[in-house]
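The values are calculated or read from the model by the stated rules, or taken from the named source; none is laboratory data. Note that this is a predicted model, so its numbers are computed, not measured. Here the Cβ is made from the backbone with ideal geometry for all residues, glycine too, and neighbour counts use every protein chain on show.
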Amino acid sequence: MQGKLQDITFGIIGLGLIGGSYAKALKNLKVKNIIGVDSNPIVAMMAKDEGVITENCNDSMEPLKRADVIICALYPAAVLNFVQKNVQYFKKDMLFTDVMGIKGDVLEQVDELLGAEQDFVSGHPMAGREGQGYGQSAAEIFNGANYIIVPRVHNNKDKIAWLKKFAYELGCKNVVEVTAKEHDEIIAYTSNLPHAMAIALINSDSMTPNNKYFIAGGFRDATRVADINVALWADLFVSNRKNVISEIAKLQKQLERWSNALEKGSKEDLEQMMLSAKEKRKDFFNAKNYR
């Protein structure tokens with residue numbers, strides 16, 4: 001990508017939590033031209049009225065022809081559909097990137113639709129917050145976040161380098177490069193599984209109205225991510241189901257160890273598991289190894 005960031009024309013597809021946050025971050029970075037697309041025309045109009053985007057595509061996708069970079073902030077199932085319907089509006093040498101939490105086969109399917117000079121460099125900002133929609137979006141969600149890039153052999157190295165630099169300009173702390181397979185396997189453990197656990201805990205038969213008088217920080221922390229975007233996460237879980245099932249099986253083994261220790265009344269076994277977890281977490285999140 002040539003020139004200053006402020007002079008690059010961006011197209012943002014989907015102005016929800018992540019797409020809206022991208023738009024607001026770009027506005028804060030003084031980007032002059034931000035084209036917004038959303039399936040809800042009211043959201044696109046709101047973003048334009050607030051000055052978050054400079055132009056919307058409510059009447060036509062023609063403005064996308066000027067976009068040097070297109071950030072597709074849609075669910076995995078919707079990304080391919082959008083490209084199929086609108087690839088004719090993509091600039092011949094544009095950079096296409098995404099925010100998909102699961103990569104699967106979508107990357108190759110999108111590649112097949114793009115022209116020779118159009119490059120799809122996949123990305124995944126590890127940023128978010130409770131809730132969903134444009135109203136919850138904020139430029140600050142990228143501050144200190146991790147950003148994952150999934151480069152492929154055919155990708156233009158200059159565009160990979162540009163996307164990495166862009167992530168840092170957004171405020172991200174670390175940028176990591178992995179394969180699509182590695183991404184989906186790791187995400188099953190670090191993201192999919194914690195969300196499944198939070199949902200299972202809330203849906204437990206032990207959950208009753210009177211429990212609210214017995215809740216403190218531990219329960220709130222453990223169930224925070226159960227306040228979930230249902231449509232998005234159903235898509236993510238199904239798309240990555242093989243890896244998620246594998247992680248659930250591993251977790252079940254750990255719970256079986258816990259149950260066995262309790263049945264034996266073994267404080268020693270319980271203490272060993274807790275100390276192991278305590279040390280692993282401390283090492284994982286310390287200043288040297290985390291962010």
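Determine whether residue 275 is at pLDDT 95 or above, loosely packed, with under 11 Cβ neighbours inside 10 Å and under 18 Å from residue 198 (Cβ atoms). When the stated conditions are applied, residue 275 does not pass them. A single entry from 137, 191 fulfils the requirement of being hydroxyl-bearing (Ser, Thr, Tyr), buried (at least 18 other Cβ atoms within 10 Å of the Cβ) and in contact with a Lys or Arg (Cβ under 9 Å, 6 or more places away or on another chain): 137. Here the helices (runs of 4 or more DSSP H) wholly within segment 178-291 that include at least 1 residues being more than 17 Å from residue 103 (Cα to Cα), out of contact with any Gly (no Cβ under 9 Å at 6 or more places or on another chain) and not aromatic (Phe, Trp, Tyr) are 193-202, 217-223, 230-239, 241-264, 267-285. For residue 239, indicate whether it is buried (at least 17 other Cβ atoms within 10 Å of the Cβ) and touching a helix residue (DSSP H, G or I) at 6+ places or on another chain (Cβ under 9 Å). In short, yes. Here 19, 11, 101 are screened, and the one residue that is buried (at least 17 other Cβ atoms within 10 Å of the Cβ), in contact with a His (Cβ under 9 Å, 6 or more places away or on another chain) and of a type in the set (Gly, Ala, Ser) is 101.
Rundown of residues vs (1) among the charged types (D, E, K, R); (2) in the same structural domain as residue 125 (by TED's automatic domain parsing); (3) surrounded by 11 or more Cβ atoms within 10 Å (Cβ to Cβ); (4) out of contact with any Pro (no Cβ under 7 Å at 6 or more places or on another chain), yes/no style:
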residue	(1), (2), (3), (4)
201	no, no, yes, yes
206	no, no, no, yes
210	no, no, no, yes
214	no, no, no, yes
229	no, no, yes, yes
248	no, no, yes, yes
253	yes, no, no, yes
